[in-house]
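These notes are about the structure you will find just below.
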Amino acid sequence: MALILFNKPYLVLCQFSPQAGRATLADHLTIPDVYPAGRLDADSEGLMLLTDDGRLQHDISDPTHKQPKAYLVQVEGIPDSIALNKLRSGVFLGDFTSKPAKVIEVTAPAWLWPRNPPIRQRAVTPTRWLLLTITEGKNRQVRRMTAAVGLPTLRLVRVAIGPYSLESHPLLPGESRTVDAAELTALRS
């Protein structure tokens with residue numbers, strides 16, 4: 001059984017099958033028979049877990065197992081207490097209401113790599129960073145949540161899934177590493 005940590009670069013598709021003119025996981029990983037345990041949109045970056053074990057894949061990605069997923073989110077605008085409290089209590093998104101998120105305003109960590117290409121930045125509009133942790137993972141959920149409280153997402157980097165984080169397991173975009181047996185046992189328990 002293998003568990004791979006991978007730092008997905010910006011604009012890479014979360015699939016191994018080729019897509020004309022688009023980078024995919026196959027352009028970065030040559031490990032056979034592993035599959036993503038969850039997805040990231042092409043315009044999102046950061047930590048992905050891949051495995052060859054179907055049960056482990058399900059346990060990681062299924063919201064009923066409540067693996068927290070943490071995201072660094074660069075938003076346009078300055079978050080106020082009303083917006084942050086809405087995120088913390090759950091946001092109505094039209095087709096569902098998100099579960100409450102843990103959210104704090106942070107500074108960009110020193111270990112965070114620059115995005116290529118850089119985000120669009122307006123000279124008159126400030127941006128801020130949030131660390132947002134959720135246990136769901138619906139399509140474009142974090143982007144939808146921040147937009148719903150008036151803070152459009154400019155950059156989204158998943159920095160942690162369960163016990164694994166890019167801070168404690170540093171990987172540059174496109175890099176991967178295999179989790180050793182002792183770490184894997186910790187995840188299973």
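Highest mobility in the GNM of the chain, judged by mean-square fluctuation with C-alpha springs under 10 Å and restricted to Lys102, Lys138, Lys69, is found for Lys138.
The gain in end-to-end length when the Arg88 to Thr135 segment is fully stretched comes to 15.7 nm, 0.36 nm per residue minus the alpha carbon separation. When the chain is treated as a GNM with alpha-carbon contacts under 10 Å, the residue of Arg55, Arg158, Arg177 showing the greatest mean-square fluctuation is Arg55.
For Lys69, the lysines whose Cα falls under 18 Å of its own Cα, not counting residues fewer than eight places away in the same chain, are Lys8, Lys99, Lys102, Lys138. Shape class of region 101-179 from the Cα gyration tensor (axes a ≥ b ≥ c, square roots of the eigenvalues): oblate, since a/c reaches 1.5 or more and a/b does not exceed b/c. The fraction of Cα-Cα pairs per 5 angstrom bin, counted from 0 for the chain, comes to 1, 8, 16, 20, 20, 16, 11, 6, 2, 0, 0 percent, rounded to whole percents. Here region 50-189 is assigned +1 on the Cβ of each Lys and Arg and -1 on the Cβ of each Asp and Glu. Its dipole about the Cα centre then comes out at about 540 debye. Among 36-47, 125-136, 110-121, the peptide with the highest mean count of other Cβ atoms within 10 Å heads the list, and the full ranking is 36-47, 125-136, 110-121.
Taking every C-alpha pair closer than 8 Å and separated by at least 6 residues, the mean separation divided by the residue count of the chain gives a relative contact order of 31 percent. A straight line joining the Cα centroids of region 22-48 and region 50-91 runs 18 Å. Cross-link partners for Lys86 among the aspartates and glutamates, with Cα-Cα distance under 19 Å and sequence neighbours closer than 8 places in the same chain left out: Glu76, Asp95, Glu105, Glu136.
Here the relative contact order of region 68-161, from alpha carbon pairs under 8 Å that lie six or more residues apart, stands at 52 percent.
None of the figures in this text is laboratory data; all of them are computed from the coordinates on show. Quick caveat, the model's predicted, so the values are computed rather than measured. No Cβ is skipped: glycine too gets one built from the backbone with ideal geometry, and neighbour counts run over all protein chains shown.
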